[in-house]
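Encoded as structure tokens, the structure appears first; notes follow it.
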Amino acid sequence: MGQRGWSLVEVMVAVAVLAIGLLALLGSMAYAVRLSRVTREINAANFTLVSVMEDIAGTPYDDIEEEFPNGQEVTEIGGIEITGSDYYKLQDQVVIVNHRQMEEGILEVRATITWRTGTGRDQSMSLTTVRTR
């Protein structure tokens, strides 16, 4: 007569294999959540910088140095305070615009955003453009 059902050893091996698979899945999910947070932060920083650069692009060449003093924090874009929604507001974010005269009639403009990541590290991103008269 044949045996029916599984032995205790077979059940324990099956549970061990299932547990290992679930732990791998949980590790992947934790990594995906962390990657999602990093991606959101980078997207928010990029959105803010592009908005600042669009504001600079819409500013007449001769007014750039007055409207965006060198090394000074930018607190508004197009007259709207940089607070954004919770999605686009980064922790401790600071946006600084620097510019330098490359030669007569050519101005290099760099906008840099710095923020504190969810893990407490400082992160920054910059965009640079050249404006001509």
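If only residues of the stretch 94-133 that are assigned to a loop (DSSP other than H, G, I, E, B) and closer than 14 Å to Ala44 by Cβ are counted, the one that is nearest to the chain's Cα centre (by Cα) is Thr117.
Going by the conditions given, is Glu54 at pLDDT below 90 and under 20 Å from Asn98 (Cβ atoms)? Against the criterion (at pLDDT below 90 and under 20 Å from Asn98 (Cβ atoms)), Glu54 does not qualify. Being in a helix (DSSP H, G or I), in contact with a strand residue (DSSP E or B) (Cβ under 6 Å, 6 or more places away or on another chain) and surrounded by 17 or more Cβ atoms within 10 Å (Cβ to Cβ) is a description that applies to Ile56. Residues in the stretch 64-91 that are at pLDDT 85 or above and surrounded by fewer than 10 Cβ atoms within 10 Å (Cβ to Cβ) were compared, and the one that is nearest to the chain's Cα centre (by Cα) is Gly71.
The values are calculated or read from the model by the stated rules, or taken from the named source; none is laboratory data. Here the structure is a predicted model, which is why all the values come from computation and not from measurement. A quick note on method: Cβ atoms are made from the backbone with ideal geometry, for glycine too, and the neighbour counts reach across all protein chains shown.
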